[in-house]
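Step one of this worksheet: look at the structure below.
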Amino acid sequence: MSGQIALDLDDAHTEQPSLDGKRVVVTGGTTGIGRAIAVLLASEGASVFICGRDEQHLADALDRINNVGKGDGVAVDLARPEDMRRFWSAADAALGGAIDVAIINAAVPAQTPMDVNEGELRYQLETDLVAYVVASREAARRMGNGGDIVLIGSMSAVSRGKGSSVYVAAKSGVQGFAAAFREEMAPKDIKVGLIEPGLTGADFQYPEYSDEDQRNAINAQKMLRAEDIAVATHFMLTQPRRTAVSLIQVEPRVES
């Protein structure tokens, strides 16, 4: 059209880093959000190493990952220090001792401190908070000069609903840790991002949601799919190094 200035595509698009060839670890990568992320990144050419607590879930996830790309993994419980060490030893062997991306995601549901005994309470906090911090440290040690750490938190850190105070405590801790660790890692060119999903369909049943209830809620746009969080993670990882997409909150479009 007369009077309009033609734009070069370089003016309309920023560069998008490729994930092809990236070495990626995904904790809790055998089910749910972690599995969806691992599958998507593998389909983009990343070499993915995952973990989870269940051998069968691990085998199923690796079948799916290796249908679209390249992956390996190990069955461990990251709440146990010896298993945390075993995970990183196995990841080093599979990925050559260095990584480019870490998705810290392994978590378990948790209720209130009045609903569980002390052992269960400590286990939930070890899994949902302490393991996040330790895994992030181990990931950063393997990144040298540059990399991405993405922590999968929860909107529970914001909504703080009753009946889940232990989970709220853990995810609020993850939120605070991500903000401070981001500043500590910036001089090393290691980005630290946090993704906080809202209500998302899960392999473990919510007490109030049967499998059918979950399907109905997703169809009604009142619940997210794990793949929605994978897409958000992909977006965070494919931004130019000069940018910091530090927080993404993903909620269902329709309130329950």
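The values are calculated or read from the model by the stated rules, or taken from the named source; none is laboratory data. These figures come from a predicted structure and were not determined experimentally. When we count neighbours, we look across all protein chains shown, and the Cβ atoms used for this are built from the backbone with ideal geometry, even at glycine.
Exactly one residue out of Gly176, Gly198 is more than 29 Å from Gly21 (Cβ to Cβ) and in contact with a Leu (Cβ under 8 Å, 6 or more places away or on another chain): that is Gly198.
Whether a residue is closer than 12 Å to Thr27 by Cα and either in a loop (DSSP other than H, G, I, E, B) or not small (Gly, Ala, Ser) (or both) was assessed, and Ala106 passes this test. For first residues located in the range 44-63 and under 13 Å from Gly32 (Cα atoms) and surrounded by 15 or more Cβ atoms within 10 Å (Cβ to Cβ), partners that are hydrophobic (A, V, I, L, M, F, W, C) and modelled with pLDDT of 95 or more and lie 6+ apart or on another chain with Cβ distances below 6 Å form the pairs Ile50/Val26; Ile50/Ala38; Cys51/Val74; Cys51/Val76; Cys51/Phe87; Gly52/Leu58; Leu58/Ala75.
Screening Arg141 with (1) without any contact (Cβ under 8 Å) to a residue 24 or more places away in the chain; (2) surrounded by 21 or more Cβ atoms within 10 Å (Cβ to Cβ) gives one miss only, at (2).
Being of a type in the set (Ser, Thr, Tyr), in contact (Cβ under 8 Å) with a residue 60 or more places away in the chain and loosely packed, with under 15 Cβ neighbours inside 10 Å is a description that applies to Ser246. Within the range 215-238, the set of residues being outside any loop (DSSP other than H, G, I, E, B) and small (Gly, Ala, Ser) comprises Ala217, Ala226, Ala230, Ala232. Taking the options Asp213, Asp189, Asp228, name whichever one is surrounded by fewer than 17 Cβ atoms within 10 Å (Cβ to Cβ) and without any contact (Cβ under 8 Å) to a residue 40 or more places away in the chain. Checking each option against the conditions leaves just Asp213. Cys51 meets the conditions (1) closer than 21 Å to Ala93 by Cβ; (2) touching a Lys or Arg at 6+ places or on another chain (Cβ under 6 Å) in every case but one. The failed one is (2). For the range 153-163, a residue qualifies if it is over 20 Å from Glu126 (Cα atoms) and either within 16 Å of the chain's Cα centre (by Cα) or in contact (Cβ under 8 Å) with a residue 60 or more places away in the chain (or both), and exactly one does: Val158.
Residue by residue, here is whether (1) touching a helix residue (DSSP H, G or I) at 6+ places or on another chain (Cβ under 9 Å); (2) surrounded by 15 or more Cβ atoms within 10 Å (Cβ to Cβ); (3) β-branched (Val, Ile, Thr) holds:
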| position | (1), (2), (3) |
| --- | --- |
| Asp83 | no, yes, no |
| Phe87 | yes, yes, no |
| Ile99 | yes, yes, yes |
| Pro113 | yes, yes, no |
| Thr127 | yes, yes, yes |
| Val134 | yes, yes, yes |
| Gly147 | yes, yes, no |
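Set side by side, the residues Val166, Val150 differ, and just one is of a type outside the set (S, T, N, Q), part of a strand (DSSP E or B) and in contact (Cβ under 8 Å) with a residue 40 or more places away in the chain, which is Val150. In the set (1) hydrophobic (A, V, I, L, M, F, W, C); (2) without any contact (Cβ under 8 Å) to a residue 60 or more places away in the chain; (3) not in a helix (DSSP H, G or I), the condition left unmet by Ile99 is number (2). Within the option set Arg182, Arg241, Arg253, being in a helix (DSSP H, G or I), basic (Lys, Arg) and modelled with pLDDT of 90 or more holds for one residue only, Arg182.
For the range 64-81, taking the residues that are under 21 Å from Val108 (Cβ atoms) and not basic (Lys, Arg), the one that is surrounded by the fewest Cβ atoms within 10 Å (Cβ to Cβ) is identified as Pro81.
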